[in-house]
Amino acid sequence: MSSKNPVDTFDIIIVGGGTAGSVLAARLSSNPSLRILVLEAGQNRNEDPNVRVPGFSKYLLGNPSYDWQFQTSPEEGLNGRVIQQPRGKLWGGSSAINSHALVYPSRGYHNAWSSLLGRGAAKSAERWDWEGIKRYYRKFQTLQEPSEDVKRELSIEVSEWGVGDDAGKPQSQKNENGHEGVRASFPVTPHVLQKAWVDAIHDLGFSTSKNPLDGDLVGGSTTTNAIDSSKRERSHAGVAFLEPSTKRENLVVRSNVFVEKVMFDENEKNGNLVASGVLYRPETSQQDVTVYARQEVIICAGTYGSPKILELSGIGDREIMAAVGINCLRNLPGVGENLQDHLNFGPSVEVHDIIMTADVTARDATAAEAAKTLYEAEKKGSAAEGAAYSFSYIPLQTLSSSDEVRELDALVTKTLEENSSAISKGYNAQYEIIQRLIQDPNESTGTVFMTRKQRSFPSSGPVPGNYMTIIAMLSYPFSRGSSHITSTKSSTPPEIKFNYLQHPLDAEIFSRHVVQIGQMLTQPSLSAQLKPGGNTLPTGYSRQRIDIDDIKRYLPQYAATNYHPAGTCAMMGEELGGVVDEALKVYGTANVRVCDASVIPIVPRGNILSTVYAVAEKGADIILRAEL
Ligand SMILES: Cc1cc2nc3c(=O)[nH]c(=O)nc-3n(C[C@H](O)[C@H](O)[C@H](O)COP(=O)(O)OP(=O)(O)OC[C@H]3O[C@@H](n4cnc5c(N)ncnc54)[C@H](O)[C@@H]3O)c2cc1C
């Protein structure tokens, strides 16, 4: 039963106070004439130490107080494994439970994105090419300078980064209305392995001091993490954007409420559905509540939540909705399709006993307690640091022979030609883009990064010894999956299938980036850190493995998700199977937008948080401009 309250009306309703939703809430409420409502299924946990302390992320995953605990169907390409898909259920969403690494896409990637938009998308302010978006990668954050020690040890030239805004304003003035955005910082204490990483990149002939925000980062970097170095606390969207905005009278946040669907007027506008509001259920109630939107509804419920809400509202693939008895209001077959993720794999290699890694606190309760005490007293130690700062983006052309490059090119061309008639126009357009990225010597199709701890390959947990793990991530997978409803009950989780490694080219390209790990480990600076005769995990894997077919045999058993699902409400031309247009508006609706990781049409090269923030910042500008 719906309880209608005629005064419960806002100009804009934002569904989901996660990463993107929090940015939109902050930016849109800066216009005092707009009344904004945010509906969030989780609650404000900004003061919770598990969320605040960077090193405590491990307490968040799999814990229903913070995590939706989604999981995939058994994945055939991963030996039938079911892959856990954590997503944040709290203010700040997944930015409040993630691993905080800030990594950036390339100029070529964004230019390709804009080519998927199709007709009529050339209006300059709505361009999603590099020129149209680059300023938003700067806008969401404030860079905190590292100490001179860190700069020297890790060859960081902060002046090159130019975070602020592209008009060159000082950082203190850059964010309107008191928002300084996400605080981004480098390691507090440089670690010997981080220094060795930088030296290895140099030894391979690459720079580590290019500005990653310039869109042409090939080589490596010590990247930033979304950690406030003045407090040594996680800087997530709930802290940086949502909570400060609640001081404004025109912003209302309702927590612990579950949005079920968007409601539509009986009358359409120019053939488009007109949203009148949304239906939600408070966690503590059995009764649905309707709240009304004068202008629009923006769905920011994430890669799984957003397509689910659209389908429950009658927008999606007609047959999928009919199968569960939902009346189709708009047949939009792209909803819930095009699901992509980054898979990763790489060995953990034992380093000299004297090198302190996070393994020490992982296996020893006394050491863990000491780390906690040190953090509480001085905000220092392993709990104060992010897990991954050391990254590289090395094109396959660089470390492969010209014969190997030619062979891969031929294989990619042949495989795509053989499969092109069996797949949709949209996927073909995406595959052409990925093929160009593979062939471009200035693009990397893999991201390789290092963490200062072992990956627990044995189910028994951490093994003795101190480790570093070097992980290759397949940047642009060809495999595509889906996330769809299987019931009209909004509490039923969606059916999630990635079809990981099902496209034959994925294992080919992925395994070649795994070979790069061995090449990095032979660099003197990194090999000097390895314990002579030390262990390598997974057991039986040799640290410098170069046989591609052999590596391919390890992937189904050991490849893991990097937690970057995207693409289920893709911003592409409708004729390509897109769901939203360049203004983030859902096709066939007058006033429903989606703004979150689901609109990203092709998952970006590296970690995707920066892209989600940039999309939300740009989305806010588009909406504010439309409103004014
Ligand atoms: C464990 C983990 C580690 C990661 N590490 C990194 C990293 O190091 N670097 C990086 O770049 N990226 C990382 N990511 C990915 C990144 O954090 C996400 O891609 C990004 O935060 C997604 O933002 P979003 O706005 O799309 O969704 P979210 O931030 O998940 O926001 C969705 C919000 O909607 C709410 N919601 C959903 N459904 C409903 C409903 N029906 N009613 C009301 N509210 C609803 C949710 O509770 C949530 O708050 C990681 C992710 C995870 C989970």
### Task
Taking residue 613 as the residue in question, decide whether it is within 13 Å of the ligand (Cβ to nearest atom) and either free of Cβ contacts under 8 Å to residues at least 60 places away in the same chain or of a type in the set (Phe, Trp, Tyr) (or both).
yes
### Query
Looking at segment 219-245, which of the residues that are in contact with a strand residue (DSSP E or B) (Cβ under 6 Å, 6 or more places away or on another chain) and part of a loop (DSSP other than H, G, I, E, B) is farthest from residue 493 (Cα to Cα)?
229
### Message
Restricting to segment 79-100, and then to whatever is open to solvent by less than 30 Å² (accessible area, probe 1.4 Å) and hydrophobic (A, V, I, L, M, F, W, C), can you tell me which residue is farthest from the ligand (Cβ to nearest atom)?
### Response
83
### Summary
In segment 372-425, residues that are at pLDDT 90 or above, under 22 Å from residue 562 (Cβ atoms) and assigned to a helix (DSSP H, G or I) total 1
#### Entry: From the options 155, 159, residue that is open to solvent by 20 Å² or more (accessible area, probe 1.4 Å), assigned to a helix (DSSP H, G or I) and either of a type in the set (Gly, Ala, Ser) or at pLDDT 90 or above (or both)
159
### Task
Could you list all residues from segment 41-64 that are of a type in the set (Gly, Ala, Ser) and either within 10 Å of the ligand (Cβ to nearest atom) or in contact with a strand residue (DSSP E or B) (Cβ under 8 Å, 6 or more places away or on another chain) (or both)?
41, 42, 57, 62
### Task
From (1) at pLDDT 95 or above; (2) of a type outside the set (Phe, Trp, Tyr); (3) open to solvent by 10 Å² or more (accessible area, probe 1.4 Å); (4) within 22 Å of residue 106 (Cα to Cα), pick out the condition that doesn't hold for residue 198.
(3)
### Query
In segment 259-273, how many residues are within 16 Å of the ligand (Cβ to nearest atom) and either more than 21 Å from residue 43 (Cα to Cα) or open to solvent by 50 Å² or more (accessible area, probe 1.4 Å) (or both)?
3
#### Entry: Residues satisfying the stated conditions in segment 167-193, i.e. under 24 Å from the mean Cα position of the chain (by Cα), farther than 19 Å from residue 379 by Cβ and either modelled with pLDDT of 90 or more or assigned to a helix (DSSP H, G or I) (or both)
181
### Task
Can you give me the number of residues within segment 32-78 that are open to solvent by 20 Å² or more (accessible area, probe 1.4 Å), polar (S, T, N, Q) and in a loop (DSSP other than H, G, I, E, B)?
6
### Query
Among the residues of segment 214-237, is there at least one that is open to solvent by less than 50 Å² (accessible area, probe 1.4 Å), of a type in the set (A, V, I, L, M, F, W, C) and modelled with pLDDT under 95?
yes
### Task
Give me the pairs, please: first residue somewhere in segment 243-272 and over 23 Å from residue 307 (Cβ atoms), second residue anywhere and modelled with pLDDT under 95, beta-carbon distance under 8 Å, and either six or more positions apart or on two chains.
244/178; 244/179; 245/179
### Query
Which of the residues spanning segment 296-322 are open to solvent by 10 Å² or more (accessible area, probe 1.4 Å), away from the ligand (no atom under 11 Å from the Cβ), in contact (Cβ under 8 Å) with a residue 12 or more places away in the chain and hydrophobic (A, V, I, L, M, F, W, C)?
320
### Message
Being on the phi > 0 side of the Ramachandran plot and either of a type in the set (Gly, Ala, Ser) or in contact (Cβ under 8 Å) with a residue 60 or more places away in the chain (or both) narrows it down to one residue among 62, 18, 55; which is it?
### Response
62
## Note on the structure
Scanning segment 426-457 residue by residue, those in a helix (DSSP H, G or I) and aromatic (Phe, Trp, Tyr) turn out to be 427, 431
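Quick grid of which residues meet (1) within 23 Å of residue 231 (Cβ to Cβ); (2) of a type in the set (Ser, Thr, Tyr):
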{"site": "20", "(1), (2)": "no, no"}
{"site": "29", "(1), (2)": "no, yes"}
{"site": "33", "(1), (2)": "no, yes"}
{"site": "39", "(1), (2)": "no, no"}
{"site": "48", "(1), (2)": "yes, no"}
{"site": "70", "(1), (2)": "no, no"}
{"site": "78", "(1), (2)": "no, no"}
{"site": "87", "(1), (2)": "no, no"}
### Task
May I ask you to verify whether residue 283 is surrounded by fewer than 19 Cβ atoms within 10 Å (Cβ to Cβ), within 12 Å of the ligand (Cβ to nearest atom) and more than 22 Å from residue 583 (Cβ to Cβ)?
yes
### Test: residue in segment 552-559 that is in contact (Cβ under 8 Å) with a residue 60 or more places away in the chain and not in a helix (DSSP H, G or I)
yes
### Task
Could you please tell me which pairs satisfy a Cβ distance under 8 Å, a separation of 6+ or placement on different chains, a first residue in segment 420-437 that is closer than 9 Å to residue 112 by Cβ and in contact (Cβ under 8 Å) with a residue 40 or more places away in the chain, and a second residue that is open to solvent by 50 Å² or more (accessible area, probe 1.4 Å) and not β-branched (Val, Ile, Thr)?
433/115
### Query
Within the group 276, 209, which residue is in a strand (DSSP E or B), away from the ligand (no atom under 16 Å from the Cβ) and open to solvent by 10 Å² or more (accessible area, probe 1.4 Å)?
276
#### Entry: Residue match in segment 543-561 (condition: within 16 Å of the ligand (Cβ to nearest atom) and surrounded by fewer than 23 Cβ atoms within 10 Å (Cβ to Cβ))
yes
### Task
Those residues that are surrounded by 22 or more Cβ atoms within 10 Å (Cβ to Cβ), of a type outside the set (A, V, I, L, M, F, W, C) and assigned to a loop (DSSP other than H, G, I, E, B), I need them from segment 578-597; list them, please.
578, 582, 591, 596
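Yes or no: residue 346 within 14 Å of the ligand (Cβ to nearest atom), within 29 Å of the chain's Cα centre (by Cα) and either open to solvent by 50 Å² or more (accessible area, probe 1.4 Å) or modelled with pLDDT of 95 or more (or both)?
no
The values are calculated or read from the model by the stated rules, or taken from the named source; none is laboratory data. Every value quoted in this text rests on a predicted model; they were computed, and no experiment measured them. Methodologically, a virtual Cβ is constructed for each residue, glycine included, from the backbone with ideal geometry; neighbour enumeration extends over all protein chains shown. Ligands, DNA and RNA are stripped out before the accessible areas are found, and what is left, the full protein with its side chains, is counted by its heavy atoms. Shrake-Rupley method; radii C 1.70, N 1.55, O 1.52, S 1.80 Å.
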